[in-house]
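Quick note: the coordinates plus some simple rules give every number you see, no bench work behind them. What you see is a predicted model; the values in this text were computed from it and never measured. Ideal geometry is used to build each Cβ from the backbone, glycine not excepted, and the neighbour counts take in all protein chains shown.
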Amino acid sequence: MSEQFNLQEHIARGVERIVADTLKATLRDPRESAFMVKFAAAAARATKRRLELEREGLHVPSFLIASITSACNLHCAGCYSRCNEATVDAEPVRQLSTEDWKAIFREAEELGVSFIMLAGGEPLLRWDVIEAAGQMKNLLFPIFTNGTYMDDTTFSQLDRCRNLIPVLSIEGDREITDARRGPGVYDKLIAAMDRLHGKNLLFGASITVTTENIRQVTSPEFMAQLVRRGCKLVIYVEFVPVTQEASHLAPADAEREYLLAATEKLRATFPELIALAFPGDEKANGGCMAAGRGFFHINSHGGAEPCPFSPYSDVNVRELGVRGALKSPLFMALRECGALDNDHVGGCVLYEQRALVEKLLNGEDKG
């Protein structure tokens, strides 16, 4: 990584841009806009806190990804989480408690974290954690949901707690979405979007990008449909192949360049839309942002992992807290050995380097 690349300044600018874009997206809704003005002030304080800790030798990312449950009601084709046995049908017994997650949220806020992405499994199955998150007004919680558990209680909570932003997973049109997620899921997603729009609630869409759907999901026609339904945020997530049979679906350099260019065009075409690509232009970011550089992942048992696609952990936040997780020997080894800067196919550089990650986890020579 170039010594001239200032990671903390890069992250700070990214946070400012996201907050500004979100504020712009909410200007027509006085309640949402009023919340975002307050959150913008909180985000500025968080940036100042991260810079203070950076000078003290502790690098704090602005994002966390929290998989608050391992349970899910769907069996999506090619789901990396199920293939890694991180997602199951029933609720496991040793998951973090409500109080555990409250402690994590409080410490994250104190350290200067601004965004905690709630994932799973299906996060709406942990309603206790959703309610706890709603009380943390200085943190923004995008909730990555399959959209099948959204009921009256859900919409009332989202109306009361504007820091909870549902992000609905969709793969494209009805045929593509239902082929991956199951019959009838697309219609449930559209119904949820229409109801969110009717209540003037901010929401987004998460789209797993493959070589098969990339043209459709980045088309102005598809995006126009989402925008008409009130969608204000789109997050493209590059597909990570977990089996050899699915490797042809993973975006390579050509598709990745196409996605970034298409995302820029969509931003220009739909100025009211926040469009993000993950992992995005990693070269411009100075490398992959996992392992605590820009974010890290907390699994439902408290294990601190480099990212959801790299489920390896040597520390647990239940025992060491967020601060202790940031000092993970595995995270530091991954940052120091250059693994985050390597080229890769698909959405995760560390998934392709599983053997190296396992060696580092076991304390073997970085080589």
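Ordering Tyr149, Leu196, Ser313 by Cα displacement along the dipole of the chain toward the positive end leaves Leu196 in first place; charges were set at the Cβ atoms of Lys, Arg (+1) and Asp, Glu (-1). Each principal axis of the Cα atoms in segment 146-251 has its own extent, and those three values, largest first, are 45, 27, 25 angstrom.
Built from the Cα atoms of segment 20-64, the convex hull projects on average onto 3.4 nm², one quarter of its surface area.
So I have [x] 41; [y] 47; [z] 33, and one of them is percent of Cα pairs over 30 Å apart calculated from this model. Which one is it? Here percent of Cα pairs over 30 Å apart agrees with entry [z]. With 32 Å as the limit, the listed pairs Lys232/Lys359; Lys137/Lys188; Lys188/Lys327; Lys48/Lys232; Lys199/Lys327; Lys38/Lys265 have Lys232/Lys359; Lys188/Lys327; Lys199/Lys327 beyond it between alpha carbons. For Glu305, the amide hydrogen comes within under 5 Å of the amide hydrogens of His297, Ile298, Asn299, counting only partners 5 or more places away or on other chains and with H modelled in the peptide plane. When the helices of the chain are scored as -39500 (n - 2.57) per DSSP H run of n ≥ 4 and the total is divided over every residue, the value at 222 nm lands at -13500 deg cm²/dmol.
Length available on full extension from Asp194 to Lys137: 0.36 nm per residue minus the Cα-Cα distance, which gives 17.9 nm. Pairwise Cα distances in segment 137-182 exceed 17 Å for 42 percent of all pairs.
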